[in-house]
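The values are calculated or read from the model by the stated rules, or taken from the named source; none is laboratory data. Computed from a predicted structure; not experimentally measured. Glycine also receives a Cβ, built like all others from the backbone with ideal geometry; neighbour counts cover every protein chain displayed. These accessible areas exclude ligands, DNA and RNA; they are computed on the full protein's heavy atoms, side chains included. Shrake-Rupley method; radii C 1.70, N 1.55, O 1.52, S 1.80 Å.
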Amino acid sequence: MTTRISVKNAETGSSVEMELEAENTVEEIIESAASYWEVSPGAYVLRRGKAVLRGQSTIVEAKIREGDVVELIPDPEGG
(Lines give C-alpha, C1' and ligand atoms only; values in the text may rest on other atoms or scores of the structure.)
Protein backbone atom coordinates (compact mmCIF):
# COMPACT_ATOMS: atom_id res chain seq x y z
CA MET A 1 0.00 0.00 0.00
CA THR A 2 1.38 3.39 -0.94
CA THR A 3 1.06 6.72 0.84
CA ARG A 4 0.94 9.95 -1.16
CA ILE A 5 2.38 13.04 0.50
CA SER A 6 3.56 16.50 -0.50
CA VAL A 7 7.02 17.74 0.34
CA LYS A 8 7.24 21.53 0.44
CA ASN A 9 10.53 23.35 0.02
CA ALA A 10 10.47 25.86 2.89
CA GLU A 11 13.01 28.08 1.13
CA THR A 12 11.25 28.39 -2.23
CA GLY A 13 7.64 27.53 -1.41
CA SER A 14 7.45 24.96 -4.22
CA SER A 15 6.33 21.42 -3.52
CA VAL A 16 6.62 17.95 -4.98
CA GLU A 17 4.25 15.00 -4.65
CA MET A 18 5.73 11.69 -3.50
CA GLU A 19 4.36 8.19 -3.39
CA LEU A 20 5.89 6.21 -0.55
CA GLU A 21 5.92 2.65 0.73
CA ALA A 22 5.55 1.93 4.46
CA GLU A 23 9.24 0.94 4.70
CA ASN A 24 10.53 4.19 3.16
CA THR A 25 12.59 6.22 5.63
CA VAL A 26 12.64 9.91 6.44
CA GLU A 27 16.20 9.97 5.09
CA GLU A 28 15.01 8.60 1.74
CA ILE A 29 12.35 11.32 1.51
CA ILE A 30 14.99 13.97 2.25
CA GLU A 31 17.37 12.50 -0.35
CA SER A 32 14.64 12.30 -2.97
CA ALA A 33 13.41 15.85 -2.39
CA ALA A 34 16.96 17.23 -2.23
CA SER A 35 17.75 15.54 -5.52
CA TYR A 36 14.59 17.00 -7.07
CA TRP A 37 15.57 20.53 -6.01
CA GLU A 38 19.28 19.91 -6.62
CA VAL A 39 20.40 20.72 -3.09
CA SER A 40 22.62 18.82 -0.63
CA PRO A 41 20.55 16.29 1.35
CA GLY A 42 22.90 16.51 4.35
CA ALA A 43 21.93 20.12 5.00
CA TYR A 44 18.18 19.47 5.37
CA VAL A 45 15.64 17.82 7.65
CA LEU A 46 11.90 17.31 7.33
CA ARG A 47 9.41 19.10 9.53
CA ARG A 48 5.83 18.05 10.10
CA GLY A 49 4.03 20.63 12.19
CA LYS A 50 6.47 21.49 14.98
CA ALA A 51 8.24 18.12 14.90
CA VAL A 52 11.59 17.74 13.15
CA LEU A 53 11.94 14.38 11.42
CA ARG A 54 15.29 12.92 10.51
CA GLY A 55 17.19 9.74 9.88
CA GLN A 56 16.23 6.13 9.70
CA SER A 57 12.65 6.21 11.01
CA THR A 58 10.21 4.74 8.53
CA ILE A 59 7.21 6.79 7.48
CA VAL A 60 5.09 4.57 9.76
CA GLU A 61 7.33 5.28 12.78
CA ALA A 62 7.33 9.00 11.92
CA LYS A 63 3.51 8.87 11.72
CA ILE A 64 3.45 10.27 8.17
CA ARG A 65 -0.01 9.66 6.72
CA GLU A 66 -1.77 9.89 3.38
CA GLY A 67 -2.16 13.50 2.31
CA ASP A 68 0.36 14.92 4.78
CA VAL A 69 2.43 17.93 3.81
CA VAL A 70 5.96 17.86 5.22
CA GLU A 71 8.47 20.66 4.82
CA LEU A 72 12.07 20.32 3.71
CA ILE A 73 13.91 22.84 5.87
CA PRO A 74 17.60 23.69 6.42
CA ASP A 75 18.89 21.63 9.36
CA PRO A 76 18.59 23.96 12.37
CA GLU A 77 21.62 22.21 13.90
CA GLY A 78 23.69 22.66 10.76
CA GLY A 79 24.42 20.02 8.11
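Using a 1.4 Å probe, what is the accessible area per residue for segment 1-54, in Å²? With the other protein chains kept in place, segment 1-54 gives 58 Å² per residue. In order along segment 15-32, the phi-based Karplus estimate (6.51 cos²θ - 1.76 cosθ + 1.60, θ = phi - 60°) of 3J(HN,Hα) comes to 9, 10, 7, 10, 10, 10, 9, 4, 8, 4, 9, 4, 4, 5, 5, 4, 4, 5 Hz; Gly and Pro are listed as x. Summarising the amide proton neighbourhood of Val45: residues at separation of 5 or more, or on other chains, whose placed amide H is nearer than 5 Å comprise Ile73, Asp75. Per-peptide packing, taken as the mean over residues of other Cβ atoms within 10 Å, places 29-36, 47-54, 65-72 in the sequence 29-36, 65-72, 47-54 from highest down. Quick one: net charge around Pro74, please, counting Lys, Arg +1 and Asp, Glu -1 for every other residue with C-beta under 13 Å from its C-beta. Net charge in that neighbourhood comes out at -2.
Highest GNM mean-square fluctuation among Thr58, Thr25, Thr12, for the chain modelled with Cα contacts below 10 Å: Thr12. Overall, the ratio between the Cα radius of gyration of the chain and 2.2 N^0.38 Å, rounded to two decimals, is 0.97.
Of the solvent-accessible surface of the chain, computed with a 1.4 Å probe over protein heavy atoms with every protein chain present, carbon and sulfur atoms account for 47 percent. In a reduced charge model with +1 at each Lys and Arg Cβ and -1 at each Asp and Glu Cβ, the chain shows a dipole moment near 360 debye about its Cα centre.
Distance between the 7 Å Cα→Cβ label points at Glu23 and Val69: 3.2 nm. Could you work out the relative contact order of the chain? I mean the mean sequence separation of Cα pairs under 8 Å and 6+ apart, divided by the number of residues, in percent. Relative CO of the chain lands at 40 percent. Phi-derived couplings, Karplus 6.51 cos²θ - 1.76 cosθ + 1.60 at θ = phi - 60°, listed residue by residue for segment 51-56: 8, 8, 10, 8, x, 8 Hz, with x used for Gly and Pro.
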